[in-house]
Amino acid sequence: MAALTALVALRGVERGHRVLVNGAAGGVGTFAVQLAKALGAQVDAVCGAAGADLARALGATEVTDYREDDFTRSGRTYDVLLDIAGSRSLPACRRLLTRTGRFVAVGGPAGRWVQPAGHVFGALAAGPFTGRKVVLADAVACRDKKAVLGRLAGYAESGALTPVIDRSYPFADLREAIAYQEAGHAKGKVVITR
């Protein structure tokens with residue numbers, strides 16, 4: 001689901017585009033960095049210092065530590081800003097977008113599972129007032145899942161896409177796994193085993 005979300009979010013990305021992934025070291029972000037690179041884009045990343053080396057290893061050119069720098073004031077511009085972390089407002093992110101740039105809302109601040117929805121819907125509601133295109137990356141509503149999954153399989157088979165697994169938990173430790181995931185610092189995905 002995370003890889004599907006990332007690929008749906010990157011629809012329209014072409015060779016030569018500049019893409020910024022805010023939340024690049026998490027579950028969707030690790031896939032997004034790899035897929036944007038595979039699509040021929042130059043990829044920059046925003047994540048914590050602990051995820052910086054991972055983001056670079058996955059293909060990010062520039063990596064900004066969100067705790068040290070406000071990435072919305074970098075002076076760089078992007079064709080696509082993929083917002084997974086939801087750590088900055090849409091008006092602040094707008095200054096990073098080219099005139100035809102696109103803000104793609106995927107998630108929001110760490111916390112309870114439904115908390116990111118507030119950020120996503122807030123960005124969608126504010127979109128018409130920013131002068132930039134704001135879209136929702138909705139993997140659930142994706143109508144061509146079979147084709148998208150086929151593309152993902154192709155990227156995996158070619159070596160361009162590799163899942164990042166942070167930790168595995170036995171099913172008996174499900175609460176601990178959810179708590180770790182909700183803390184918002186997992187690198188890649190958390191796996192539950194039987």
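Key figures
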item	result
Solvent-accessible area per residue for the range 1-65 (1.4 angstrom probe, square angstrom)	32 Å²
The range 18-103 shape via C-alpha gyration tensor axes, a/c threshold 1.5	oblate
Extension reserve of the Thr162-Ser89 stretch, reckoned as 0.36 nm per residue once the Cα distance is removed	23.2 nm
Extension reserve of the Arg73-Ala57 stretch, reckoned as 0.36 nm per residue once the Cα distance is removed	3.3 nm
Long-range amide H partners of Gly26 with built H, under 5 Å	Gly188
Accessible area in the full protein assembly, largest first, 1.4 Å probe, for His185, His17	His185, His17
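The values are calculated or read from the model by the stated rules, or taken from the named source; none is laboratory data. None of the values given here were measured: they were computed from a predicted structure. Just so you know, the surface numbers come from the protein's heavy atoms only, side chains and all, with ligands and any DNA or RNA stripped out. Shrake-Rupley method; radii C 1.70, N 1.55, O 1.52, S 1.80 Å.
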